[in-house]
Amino acid sequence: GENVEQHPSTLSVQEGDSAVIKCTYSDSASNYFPWYKQELGKGPQLIIDIRSNVGEKKDQRIAVTLNKTAKHFSLHITETQPEDSAVYFCAASKSSSASKIIFGSGTRLSIRP
Amino acid sequence: NAGVTQTPKFQVLKTGQSMTLQCAQDMNHNSMYWYRQDPGMGLRLIYYSASEGTTDKGEVPNGYNVSRLNKREFSLRLESAAPSQTSVYFCASSLYPGQGTDTQYFGPGTRLTVL
């Protein structure tokens, strides 16, 4: 079955700098890659997603890139702010997976003032 | 529009006790899910319901049962709680039945401790 690996597990960056989180997946049939942000004491919330027919997607300070050949995708956050501090999860799924999404193990991002 | 709601928020059980975690969504979604979250392991799917009247096992179903009571509600039951079931439990829902590429919306979670 699908396996998603996420790195790093913790990341600390200076406010204003960029942060990059990387994920790899094993099932070449996966075609949907969402990213979730989880703030302390809350449930995960979708922040951006990308589908396999697209190589890059941007939403203000957040961007996601996908390399299907290498089976990896990354989250980029530019001009980081204190409110970006949270745990971020990548995930992968496919149309035929009957609702199953496989999550990475998470990255705890801390923004230093 | 409350989205996905879960009760209770916190629960402490003794080994062997049973309990039911409740989940409801008001977004008219077809699919609902139960996940557990453990440190360093991300979210793992316990059970899901692709549409009203159907339920299927996920990655870690042992020790749990579910009921899709109606389109809005999906409950998770622990018949005989074990310390290994200490975790944070999240319910989620998505609009389209049986589509793995559909956005999932999560509830706030239930923190369960089994002593």
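What is the number of the single condition among (1) more than 10 Å from chain B (Cβ to nearest Cβ); (2) without any contact (Cβ under 8 Å) to a residue 24 or more places away in the chain that A:L46 does not meet?
Single failed check for A:L46: (1).
Could you tell me how many of the residues in segment A:19-28 are within 16 Å of A:G104 (Cα to Cα) and open to solvent by less than 20 Å² (accessible area, probe 1.4 Å)?
3
Of the conditions (1) open to solvent by less than 20 Å² (accessible area, probe 1.4 Å); (2) closer than 25 Å to A:A29 by Cα, B:Y47 clears all except one; give me its number.
Among (1) open to solvent by less than 20 Å² (accessible area, probe 1.4 Å); (2) closer than 25 Å to A:A29 by Cα, the lone unmet condition for B:Y47 is (1).
Restricting attention to segment B:72-97, which residues are in contact with a Ser or Thr (Cβ under 6 Å, 6 or more places away or on another chain) and modelled with pLDDT under 95?
Of everything in segment B:72-97, those that are in contact with a Ser or Thr (Cβ under 6 Å, 6 or more places away or on another chain) and modelled with pLDDT under 95 turn out to be B:E79, B:S94, B:P97.
Which of the residues spanning segment A:29-85 are at pLDDT 95 or above, surrounded by fewer than 18 Cβ atoms within 10 Å (Cβ to Cβ), β-branched (V, I, T) and not in a strand (DSSP E or B)?
Selection gives A:T78 alone.
Kindly indicate the residue of segment A:7-36 that is within 12 Å of another protein chain (Cβ to nearest Cβ) and hydroxyl-bearing (S, T, Y) and also nearest to A:I48 (Cα to Cα) among those meeting that condition.
Applying the first criterion (within 12 Å of another protein chain (Cβ to nearest Cβ)) to segment A:7-36 yields A:9-10, A:23, A:27, A:29-36.
Those still in the list that are hydroxyl-bearing (S, T, Y) too: A:9-10, A:30, A:32, A:36.
Values: A:S9: 20, A:T10: 20, A:S30: 17, A:Y32: 11, A:Y36: 7 Å.
Looking at residues that are within 12 Å of another protein chain (Cβ to nearest Cβ) and hydroxyl-bearing (S, T, Y), I get A:Y36.
Kindly indicate which of B:L78, B:L112, B:L21 is open to solvent by less than 10 Å² (accessible area, probe 1.4 Å), away from every other protein chain (no Cβ under 14 Å) and under 24 Å from A:K37 (Cα atoms).
B:L112
Of the residues in segment B:27-43, how many are out of contact with any Ser or Thr (no Cβ under 9 Å at 6 or more places or on another chain) and free of Cβ contacts under 8 Å to residues at least 40 places away in the same chain?
Looking only at that region, the number is 1.
The values are calculated or read from the model by the stated rules, or taken from the named source; none is laboratory data. This structure is a prediction, so every number in the text was calculated from the model and none was measured. Counting neighbours? That spans all protein chains shown, and the Cβs are built from the backbone with ideal geometry, glycine included. Calculation scope for accessible area: heavy atoms of the full protein, side chains included, ligands and nucleic acids excluded. Shrake-Rupley method; radii C 1.70, N 1.55, O 1.52, S 1.80 Å.
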